[in-house]
Amino acid sequence: MAEAAVPALHDEQHHEQSFGQKYLWSTDHKMIAMQYLFTGMLMALVGGFMAYAFRMQLAFPGMDVPFYGIVSASEYNALVTNHGTIMIFWVAMPVLLAAFGNFLIPLMIGCDDMVFPKVNRLSYQIFLLSAVVILGSLFVEGGGFAGAWTAYPPLSAKAEYSQTPLGSSLWLVAVALEFVAFLLGGINFITTTMNSRAPGMKFYDIPMVVWMIVIASVLFLVSVGPLIAGAMMLFMDQNVGTAFYDPDRGGDPILWQHLFWFFGHPEVYVVMLPAVGITADVICVFARKKLFAYKTVLYTAFGTGVLSFTVWAHHQFIAGIDPRMAHIFTVTTLLISIPIAEMIFVYIATLYGGSIRLTTPMLWALAFIAEFLIGGVTGIFLGASGADIYLHDTYFVLAHFHYMFYPIAIIGTFAGIAHWFPKMFGRMMNETLGKIHFWLTVIPFNVIFIPLFILGLAGQHRRIYDYTNFPELAIQPLQDLRVLATVALLVMLGAQLIFLYNFFSSMFKGKKAGKNPWNATTLEWTTESPPPHGNWAELPTVYRGPYEYGNPDREDDYWPQNEPV
Amino acid sequence: MSATPIATGRSTSGIPTGRLAVWWVIASEIVIFGGLLISYIMHRLAHGNWAEQAAHTSTWVGAFNTLVLLSSSLSAVLGHKAADAGDGKKAAKMLYITAFGALTFVCVKAAEWTFEISHGYTITSSTFWSFYYTAAGLHALHVIAGAIIMLIVAQAAKRNQHLNRVELIGLYWHFVDLVWIFLFPLLYIAK
Amino acid sequence: MSEEVHDTHHGNYVKIWAILVVLLAVSVVGPMFEIRVVTLVTAFGVAIVKAYLVIKHFMHINHTPRFIPYLVVTCLVFMLLFFAAVAPDVMNDTGSGWEKPAWVAEEKAWAAGGGSAGDQHPQP
């Protein structure tokens, strides 16, 4: 098949598309990417608002929180539960995996769309339904589910404990629908990348962000199965009266924990890998240097993926699991820090000696590396089961995983948006506003969570709405830390208005971008900004790797992948 | 609405896109059923007294349903053979036979469950029965979904269209058969 | 695409089906001897053989690129890993520092009476 010569434009190009066809039920991967991106951004506002409400309660217990009201004990639990659930499943995954995956994969591998455009559309529709269900669950009688995003039974299984019979079931249904949406989407990504690459694009010519998104999709696919089974069983315990997790009637609540975390741990790598991939692409472009050890990064990503299936019970060290298992999981957990550290070393080596340009995307990528590193080392304390006996369920854990998730879901996302915005919308974002937003986000982020490490070490337990009942925790120095963290959160949330303004005003009034404003080498920069339906009039052919920067034999400091030799 | 993208026709991996995708679907289903069945096996091995409950499942009904599914796998693969030879009408006929097998399976199961429930073995009777109905029920949902897709593929195949999809739905169907091949001893024989 | 090559991969499917049916019969007859090992071998051993036949002859796994069998095996290996790590907690009724009283009581009653004192009795 002579793909290069066959025009990729479809029939639709020749007739007007209605508003619905173009925006609402499009099968074009770029439009679906936008749908996921905007839905994810909206859900981020919801999740962020929840964080605002519960942090205000913690800093000023009993206050009437502006725009919310008084946070009761049960409302507090519902807020933290849904904050976590929404941020992971309706913000991090749709933006990092679905939005960037959908937008970038066909463009970076040089084809005209995903291999199953209608399945792609269906995946978004199911996802949208899941978002409606989770939001709806907050307003039903009894309120939203409040048993933590980990939903351990019997709290999550028995209405007499959870007090939210309807909310609990709707929460479960929403999560299950989201899983189905991402299974469908993931299979599309994997199949497209395996089969539809441009002629000449071998495995090692694939940009790292595409690899990472595909590996993440594989990890998700293999790990989510047991939890889908477990969720079915929990739903039946909630609504049919079965006893899968009731030890008094032949079941076992620890089974749920294992089923949940067998997925839950690989899941953090599902969101981490795309952010790591975005960082790789951004630092190569703005250090004008090829990735220091492409194959090493790739193989460590594979290794991390496999190892990620062997560490899950470190979330259950004090749940009463067999101590011999705890020994094994300590070893595997500490081991998994090695490949990830390897990736960070490679990135630092990539930057070393590069011609660094501190544009907004580069600032975000550098912040990702630094902050993620801090989060990673705090994980070592938690991975050692002995130390975890003290630290489990304290704010130390919470600060650790926010130091992982925030760089992943917020910093990584902003790096990706700042970098690919010109390609998505055909215009440049404002650099000055971008940099102000960057500093007003990253510095407050640290001011929020470093106090939480200290509070955790002081023994402050999670999921408690008011520490005034705990005399040793209600002392002034600790309360001051809580207030400090909350004030930093307010500053950080306020700074997002700068981003929103920059994002939307640049979309309509930004400087026109042209095809390749960053002088980058990968295929997406060889077509129009934004790309037309079908992406290219003539699909490209690839002649070299994705990061050919700074080649001494060339006049330009970059060598596009599709330029013939 | 949209024409098939050029992307769908490429096969850099050496396996056509549709078939590749179905194998990934099968991989995801292996872990879904795997999680459920392993949960069941762990409980079953721990509760010696479940054997007494399991004695109330009918081995003959289970065996008959196994025969039905095995035979429907035969018709599915014969449909694949016909589709490869370009004979859309025969492929469609084979798919209709397979779908009829699915219908038989579901009807037998419905009768079986009606009998069991009317004798007091409901989903809440004991955790054995909870697993029994959940596992077999999840499987039956896959049987029904597979049969519906099969009929849709058969409609197109009759007109010699999309013949490659006959193999794809067949692949999925064999997987559904495989799950039952393990469910049968787990639920019906181990007593 | 390799559809032409595909034709030569079609073997005698009816013969495979006949073998499967015979195996099914074996797995039904085996438990009738009421010897535990025989039951286990005929029930699960046959299941494994049947699965192998279906995967090899009906699903043509030998004619797919190698990574597909690797993918399937990987999924199965992860399922085994899951079993190995979870069984010490879920399959036992006592552990280091905990017990499931209802399970313990049930097993005692069953072992003692050979009956089902701990089970909920089905309602006629």
Original post:
If you check residue C:72 against the conditions, is it within 9 Å of chain B (Cβ to nearest Cβ), closer than 25 Å to residue A:225 by Cβ and either within 19 Å of the chain's Cα centre (by Cα) or not acidic (Asp, Glu) (or both)?
Top reply: yes
Original post:
Do any helices (runs of 4 or more DSSP H) lying entirely in the stretch A:265-384 carry at least 1 residues that are in contact with a Cys (Cβ under 8 Å, 6 or more places away or on another chain) and within 23 Å of residue A:419 (Cβ to Cβ), and which ones are they?
Top reply: A:323-351
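Listed here are the residues, each with its yes/no results for (1) of a type in the set (S, T, N, Q); (2) more than 19 Å from residue A:228 (Cβ to Cβ).
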| position | (1), (2) |
| --- | --- |
| A:98 | no, no |
| A:101 | no, yes |
| A:104 | no, yes |
| A:115 | no, yes |
| A:120 | yes, yes |
| A:145 | no, no |
| A:151 | no, no |
| A:156 | yes, no |
| A:160 | no, yes |
Original post:
Counting only residues that are away from every other protein chain (no Cβ under 11 Å) and not small (Gly, Ala, Ser), how many does the stretch A:296-317 have?
Top reply: 11
Original post:
With respect to residue A:470, is the statement that it is aromatic (Phe, Trp, Tyr), under 26 Å from residue A:396 (Cα atoms) and in contact with a Phe, Trp or Tyr (Cβ under 7 Å, 6 or more places away or on another chain) true?
Top reply: no
Original post:
Of A:201, A:212, A:194, A:233, which residue is over 23 Å from residue A:139 (Cα atoms), outside any helix (DSSP H, G or I) and at pLDDT 95 or above?
Top reply: A:201
Subject >> So residue C:102, is it in a helix (DSSP H, G or I), in contact with a helix residue (DSSP H, G or I) (Cβ under 9 Å, 6 or more places away or on another chain) and at the interface with chain B (Cβ under 10 Å from one of its Cβ atoms) >> reply: no
**OP:** Could you tell me whether residue B:145 is at pLDDT 95 or above and under 29 Å from residue B:42 (Cβ atoms)?
**Re:** yes
**OP:** Could you tell me whether residue A:298 is modelled with pLDDT of 95 or more, closer than 22 Å to residue A:561 by Cβ and out of contact with any Ser or Thr (no Cβ under 6 Å at 6 or more places or on another chain)?
**Re:** yes
Original post:
Do we have residue B:144 as free of Cβ contacts under 8 Å to residues at least 40 places away in the same chain, surrounded by fewer than 23 Cβ atoms within 10 Å (Cβ to Cβ), of a type in the set (Val, Ile, Thr) and at negative phi here?
Top reply: no
Original post:
From the list C:72, C:86, which residue is surrounded by 18 or more Cβ atoms within 10 Å (Cβ to Cβ), in contact with a His (Cβ under 7 Å, 6 or more places away or on another chain), at pLDDT 90 or above and among the β-branched types (Val, Ile, Thr)?
Top reply: C:86
Subject >> Selection from the stretch A:16-27 of residues that are part of a loop (DSSP other than H, G, I, E, B) and surrounded by fewer than 19 Cβ atoms within 10 Å (Cβ to Cβ) >> reply: A:16, A:17, A:18, A:25
**OP:** Determine which member of the set B:38, B:32, B:15 is within 9 Å of chain A (Cβ to nearest Cβ) and touching a Pro at 6+ places or on another chain (Cβ under 6 Å).
**Re:** B:15
Original post:
What number of residues within the stretch A:522-556 satisfy the criterion of being of a type in the set (D, E, K, R) and touching a strand residue (DSSP E or B) at 6+ places or on another chain (Cβ under 6 Å)?
Top reply: 0
Original post:
What number of residues within the stretch A:318-335 are in contact with a Leu (Cβ under 9 Å, 6 or more places away or on another chain) and crowded, with 21+ Cβ neighbours inside 10 Å?
Top reply: 1
Original post:
Which residues, taken from the stretch A:28-59, are within 14 Å of another protein chain (Cβ to nearest Cβ) and either surrounded by fewer than 22 Cβ atoms within 10 Å (Cβ to Cβ) or in a helix (DSSP H, G or I) (or both)?
Top reply: A:29, A:30, A:31, A:32
**OP:** Take residue B:137 and decide whether it is buried (at least 20 other Cβ atoms within 10 Å of the Cβ) and in a helix (DSSP H, G or I).
**Re:** no
Subject >> Members of the stretch B:133-191 found to be under 24 Å from residue B:58 (Cα atoms) and hydroxyl-bearing (Ser, Thr, Tyr), listed by number >> reply: B:133, B:134, B:188
Original post:
Which ones in the stretch A:453-478 are among the aromatic types (Phe, Trp, Tyr) and in a loop (DSSP other than H, G, I, E, B)?
Top reply: A:465, A:470
Subject >> Residue among B:18, B:14, B:86 that is farther than 22 Å from residue C:69 by Cβ and surrounded by fewer than 23 Cβ atoms within 10 Å (Cβ to Cβ) >> reply: B:86
Original post:
In the stretch A:337-360, is there at least one residue being among the hydroxyl-bearing types (Ser, Thr, Tyr), away from every other protein chain (no Cβ under 14 Å), under 30 Å from residue C:85 (Cα atoms) and under 20 Å from the mean Cα position of the chain (by Cα)?
Top reply: yes
Subject >> Residues of the stretch B:157-191 satisfying the condition of being in contact with a Pro (Cβ under 8 Å, 6 or more places away or on another chain) and under 25 Å from residue C:29 (Cβ atoms) >> reply: B:189, B:191
**OP:** Give me a count of the residues in the stretch C:17-41 that are of a type outside the set (Gly, Ala, Ser) and within 8 Å of chain B (Cβ to nearest Cβ).
**Re:** 8
**OP:** Looking only at the stretch B:121-132, count how many residues are part of a helix (DSSP H, G or I) and facing another protein chain (nearest Cβ under 9 Å).
**Re:** 5
Original post:
Looking only at the stretch A:209-258, which residues are of a type in the set (D, E, K, R), touching a helix residue (DSSP H, G or I) at 6+ places or on another chain (Cβ under 8 Å) and more than 7 Å from every other protein chain (Cβ to nearest Cβ)?
Top reply: A:246
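The values are calculated or read from the model by the stated rules, or taken from the named source; none is laboratory data. This one's a predicted model, so the numbers in the text were calculated from it and none came from an experiment. With ideal geometry, Cβ positions are generated from the backbone for all residues, glycine too; neighbour counts draw on all protein chains shown.
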